[in-house]
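What follows is calculated from the coordinates using simple rules that are stated; it is not laboratory data. Quick caveat, the model's predicted, so the values are computed rather than measured. All Cβ positions, glycine included, derive from the backbone under ideal geometry; neighbour counts span all protein chains shown.
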Amino acid sequence: MDQNNDRIMNAESLNIDATLEKLSNELKPDETLILDVGNNYFDQTDTIYDTLVMKGYDVRKSFKNGRNQILVTKRQLR
C-alpha cells in the first residue's frame, strides 16, 4: 500500500449508509481508505465489509493494535 494514498476514518460509531455515501463521494480510484471499526459491536465489520463488496469495492479485513479495520480501495475503471 502506498502510504501517501491511505486515509483512516473512524467508522466505529458511523451509520453504515452514511459511511457508504462518504466513500462513494470522496474515494478516488486506486486510493485506499482504512475504516477503523474498533470493537465490532453488532458484527458491524462484517456488515460494512459485505455491503462494500456488493457495491464493487476492493475490500480487505484487518486487525491492527486490537482494532478491527476494513481497507477499502475503489477499483480503477478500465
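The angle separating the long axis of helix 44-54 from the principal Cα axis of greatest extent in the chain is about 20 degrees.
Using Cβ point charges alone (K and R +1, D and E -1), the dipole size of the chain about the Cα centre works out to roughly 220 debye. Translational diffusion of the range 3-73 was estimated from the Stokes-Einstein equation, with Rh taken as the Kirkwood radius over Cα pairs; at 20 °C and 1.002 mPa s the coefficient is 179 µm²/s.
Rounded to 0.05, the FRET efficiency of the Phe63 and Asn25 pair, given R0 = 25 Å and the Cβ-Cβ distance, is 0.35. With both residues required to sit in the chain, DSSP beta bridges show an antiparallel share near 70%.
Distance between the pseudo-spin-label points of Arg7 and Asp50 (7 Å out from Cα toward the beta carbon): 2.7 nm. For Ala11, the amide hydrogen comes within under 5 Å of the amide hydrogens of Asp36, Val37, counting only partners 5 or more places away or on other chains and with H modelled in the peptide plane.
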